[in-house]
1. Give, to the nearest whole percent, the P(r) tail of region 204-304 beyond 18 angstrom, counting all Cα pairs.
2. Run through every distinct alpha carbon pair of region 1-82 and return the Kirkwood hydrodynamic radius in angstroms, one decimal place.
3. For a footprinting-style exposure proxy, rank 282, 366 by other Cβ within 10 Å, fewest first.
4. Just the number, please: Stokes-Einstein D of region 91-179 in µm²/s, Kirkwood Rh from C-alpha pairs, 25 °C, 0.890 mPa s.
5. When the helix-only estimate is applied to the chain (DSSP H runs of n ≥ 4, each -39,500 (n - 2.57), divided by the residue count), what is the mean residue ellipticity at 222 nm, nearest 500 deg cm²/dmol?
6. In cubic angstrom, how much convex hull volume per residue do the alpha carbon atoms of region 53-126 span?
7. Give me the tail of P(r) for region 135-179 as a percent: Cα-Cα pairs with distance above 18 Å.
8. Going by alpha carbons, how many degrees (0 to 90, nearest 10) lie between the helix axis of 234-243 and the longest principal axis of the chain?
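Each value in this text was obtained by applying a stated rule to the coordinates, not by laboratory testing. Small disclaimer: the values here were computed from a predicted structure and weren't measured. Here the Cβ is made from the backbone with ideal geometry for all residues, glycine too, and neighbour counts use every protein chain on show.
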């Protein structure tokens with residue numbers, strides 16, 4: 001196979017300050033703390049573009065995470081994940097103006113944002129960026145988010161995904177409400193657009209329309225924004241197989257990663273008639289890169305030493321909506337079983353339980369790992385060693401690429417871009433330049 005035909009690894013940078021996946025990020029003197037300033041995001045976008053990443057994407061939620069009694073004190077006191085979220089559309093718009101090639105992903109909820117708003121906001125960014133926008137589709141998971149949006153409680157997962165199917169279908173119909181040649185711009189003929197090539201959203205039998213259209217925008221340079229999703233439950237996997245072009249996955253082992261990728265590919269082909277090769281399954285991971293393997297191990301030890309077990313137990317108790325303090329000596333799988341359903345995400349809870357069982361975690365072990373990396377795979381070593389691990393998973397069919405989640409902003413990304421990316425390029429499995437201008441072109445490599 002020549003170089004031009006070789007399968008390429010895909011990389012996406014996940015951004016959700018002030019903590020990222022490492023709970024002590026905001027306290028670490030090596031981490032940037034200007035995450036309420038534009039330069040934090042424009043600098044980060046330029047760094048990842050220099051590293052030829054496919055995309056930068058911004059996580060989001062619509063409420064400060066609450067404890068069992070409805071208070072948000074523990075989240076704010078400890079700087080827990082979710083204490084700060086900027087609006088993702090505003091943020092990717094900012095990064096769009098500071099970059100020229102990297103994809104731009106925004107998280108928007110199908111439970112609370114109307115399809116017309118989703119379609120128009122994302123397609124606007126797609127036009128203004130030259131075809132680089134992506135939608136990270138979430139259904140939202142907590143009652144706190146529901147109450148912020150004027151509802152008493154969040155719907156159950158099955159109903160949320162049923163709604164999400166309708167919302168995504170409607171958004172896609174809105175993006176297609178203009179034919180590619182609908183915008184005429186015939187100056188001499190005094191014809192701006194052809195009304196015959198602009199359409200309402202098609203009616204579906206037995207369903208009230210969520211929007212009638214047409215959208216106020218024609219197709220973008222890449223047609224429409226890329227669809228991204230991270231469902232891990234059985235229903236979530238079916239949703240991803242139906243709609244997603246990029247799937248954000250979490251696997252605790254090479255076997256789990258490969259099984260997940262195989263399953264969603266089979267579902268996509270069997271149940272939805274899709275070409276599996278059009279789907280990129282990216283595994284989440286946290287890199288700890290050092291000059292040598294020993295240096296990286298020392299760096300990890302320093303990061304872990306900054307985690308307070310007391311704080312970590314409080315955060316885990318808040319996550320599980322525990323009414324009483326957790327016993328650090330208890331078996332993690334038993335505590336997780338007792339609080340089943342607390343997080344609102346079945347897939348996430350299954351992952352916690354699976355990892356805890358395999359590693360025989362106590363509650364203290366689980367709390368520390370949750371504060372360190374949220375139980376995502378962690379690749380620790382020199383740039384060469386980290387590249388070895390990524391290359392193995394990529395070549396073995398466990399992943400089409402990786403969602404890179406930093407321990408520290410921006411140094412973790414900078415170390416990855418300056419060290420690991422050149423190693424992957426040297427091995428011929430990562431691009432040395434962007435082949436096209438749009439995100440969808442990046443993903444087709």
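1. Numbers: 3219 of 5050 pairs.
Tail of the P(r) past 18 Å holds 64 percent of the pairs.
2. Result for region 1-82, one decimal place: 15.2 Å.
3. Details: 282 25, 366 28.
In order of increasing Cβ crowding within 10 Å: 282, 366.
4. My calculation gives 174 µm²/s for D.
5. Working: 17 runs with 184 residues, N = 445.
Taken over the chain, the calculation gives -12500 deg cm²/dmol.
6. 111
7. Details: 400 of 990 pairs.
Result: 40 percent of Cα pairs exceed 18 Å.
8. 30
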